[in-house]
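Since the structure comes first, as structure tokens, the remarks are kept for the end.
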Amino acid sequence: MPNVNVDALLKIVPSTFSADPKIHTISVETLSINNGTTVPVLRDSHIFYDTEVLVIVRRAKARDSGLVSTKVWCWHGKQCRFGEREEKKTDELARRYGSTLETVFQRQEPPEFVHILGGKLATRQGTRAHWSSENTAMHVVRSSGEHIFIDQVDLSIRNLCSGYSYCVSILDQIYVWHGRGSTPKERNAARDYAQASAVKGTSITELREGDNDVNDEMFWMVLGDSGDYAKADYWRFRNASAPCDPRCWIVDATVEGDPVCCSITCGWLVPDMDVDSCYYIDICRDYTQQSVYIIDCSLEFFVLVGKDARSKRSDISLAIQTVMAMAKRVAISKPFSPTVHVLVLPTQLPLDMRLAFRDLDESQVNGGFIPDYMNVLSTTEAIEHLRTSSWEKAALRDQNMLPLGLDTAHVSSS
């Protein structure tokens, strides 16, 4: 089994953005692009809608030289239409401002982009023209580094997590719910967002998990059964230190040198020089069924085995060996030793794992569908599977639940 430099892997962290104090922002302009026309966004310019194509223009001046520079981004909402007209218009704007256009996709916004918006970005579903504060809606408020993200999600108990704060609007009522692990910064941002969203006659109710939320029947009636949300006990430790974004490593035992390569989910990677084979992949977008992954959710680790990687015993064994060493190594700086689980696709994802990410699509990870079961093993069970050379026929009947180390080719040929 190849040797893996666990310490070097754990040192890899997302890059941070620091504004250059020698650069002064002159103006930030947000333009909405629709059918080839441009409309300035004059209000709530830090609130984006998933149907929009937006161009953000930042003009800045160097304090020392007095030189003025312009940077132009084009933001694509998940449900936007970006056709020939839109492409032509955005290119035209970039040429007009003498800048190269940088494309940014929803929930993949780089730190510099969020910084120039004031350090806070909210995304909503639908269109700017038809969105109303009176709509029934659910927003999750989470921090990443120094920035705050407020994202509208589907109104469902399965999108509620103890780690964050939420704003839930129902008719003339806005609930501000704080999970046990939400940080003071997230709680303040949730309060501010609720206040800004409230119209005349709207009442705001602030709830704290496990405190005054228990008997609020309306809140739970709208969301669903209070026992069905992501509330692992470890979330309560999240606000004790600066929250970390999830990290992911792809494992390939055939790679010479370091067989474990790193991905940072926010997409901004600073490779450690001791790790020769680091390259960027994003588990939320670049996932393949042929690979084995290690996922670090800070207080919980996972080995994720792709549907077409279930027979890659060397990769799986190396991933388990590495992740167990990682969990042991970080335990000294955690309130408890992180647990480790092995997930074998296709499978439902544990809610706490899915919601640790800002944008992990359970259907996409499973190849376009979500099964009605969870295929999860402990490391002990997974190792036992890999050591077993023969199985009873009963264990081979369901091709989606084959023992780890086997795929359909093994069963067909047996």
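Taking a cut-off of 21 Å between Cα atoms, list the lysines near residue 22, but don't count ones fewer than 8 places away on the same chain. Answer for residue 22, where 21 Å is the Cα cut-off: 61, 71, listed by chain and number.
Please work out how much length the chain gains when fully extended from residue 199 to residue 390, using 0.36 nm per residue of separation minus the C-alpha to C-alpha distance, in nm with one decimal.
Numbers: separation 191, 0.36 × 191 = 68.76 nm, distance 6.61 nm.
This chain segment gains 62.1 nm when fully extended.
If one computes the Cα centroid of the stretch 1-52 and of the stretch 381-414, what distance in Å separates the two points? Centre-to-centre distance over Cα atoms comes out at 45 Å. Applying 1/(1 + (r/R0)^6) with r as the Cβ-Cβ distance of residue 333 and residue 105 and R0 = 41 angstrom yields a FRET efficiency of 0.75. Taking 43, 329 and ordering them by how much accessible surface each has at a 1.4 Å probe, largest first, produces 43, 329.
By how many nm would the segment from residue 153 to residue 374 grow when fully extended, if each residue of separation counts as 0.36 nm and the alpha-carbon distance is taken off?
Working: separation 221, 0.36 × 221 = 79.56 nm, distance 2.29 nm.
Value of the extension gain: 77.3 nm.
The heavy atoms of residue 231 offer some 100 square angstrom of accessible surface to a 1.4 angstrom probe. Taking a ≥ b ≥ c as the square roots of the eigenvalues of the Cα gyration tensor, an a/c ratio of 1.5 or more together with a/b no larger than b/c marks the stretch 331-414 as oblate.
Note on the chain: GNM, Cα springs under 10 Å; of 353, 218, 326, the largest mean-square fluctuation is that of 218. Remark: accessible surface ordering of 370, 47 (largest first) is 370, 47, probe radius 1.4 Å.
Bridgeable aspartates and glutamates around residue 11 (alpha carbons under 12 Å apart, same-chain partners fewer than 8 residues away excluded): 272, 274. Under the simplified labelling scheme, the residue 23-residue 233 pair shows an inter-label distance of 4.7 nm, with each label point 7 Å from Cα along Cα→Cβ.
What whole-number value in Å² describes the accessible area per residue of the chain for a 1.4 Å probe?
Working: 19910 Å² over 414 residues.
Accessible surface, normalised per residue, equals 48 Å².
Summarising the label geometry, the points placed 7 Å from Cα in the beta-carbon direction at residue 240 and residue 43 lie 4.5 nm from one another.
Helical content of the chain, expressed as a calculated mean residue ellipticity at 222 nm, amounts to -6000 deg cm²/dmol (DSSP H runs of 4 or more residues, -39,500 (n - 2.57) each, divided by residue number, nearest 500).
Per-atom-type breakdown for the chain gives carbon and sulfur 48% of the accessible area (1.4 Å probe, protein chains only). Straight Cα distances below 27 angstrom link residue 231 to the lysines 120, 185, 328, 334, with same-chain residues fewer than 8 positions distant left out. Once both labels are positioned 7 Å from their Cα atoms along Cα-to-Cβ, the gap between residue 130 and residue 13 label points is 4.5 nm. Of all DSSP beta bridges in the chain, what percent run antiparallel (nearest 5)? DSSP beta bridges in the chain are roughly 70 percent antiparallel. Using heavy atoms of the protein chains and a probe of 1.4 Å, the accessible area assigned to residue 91 is about 60 Å². Taking the chain as a Gaussian network of alpha-carbon nodes connected by springs under 10 Å, the highest mean-square fluctuation of the residues 216, 50, 315 belongs to 216.
Restricting the calculation to Cα atoms, the chain yields a radius of gyration followed by a Dmax of 23.4, 77 Å. What the Cβ-Cβ distance of residue 173 and residue 308 gives, at R0 = 45 Å and to the nearest 0.05, is a FRET efficiency of 0.40. Note on surface exposure: 229, 293, 97 rank 97, 229, 293 by accessible area, highest first, 1.4 Å probe. Taking every DSSP bridge with both residues inside the stretch 57-131, close to 50 percent are antiparallel.
The values are calculated or read from the model by the stated rules, or taken from the named source; none is laboratory data. Being a predicted model, the structure only gives us computed values, none of them experimental. Cβ sites come from the backbone with ideal geometry, for glycine too, and all protein chains shown count toward neighbours. With ligands, DNA and RNA removed, areas are computed over all heavy atoms of the protein, side chains included. Shrake-Rupley method; radii C 1.70, N 1.55, O 1.52, S 1.80 Å.
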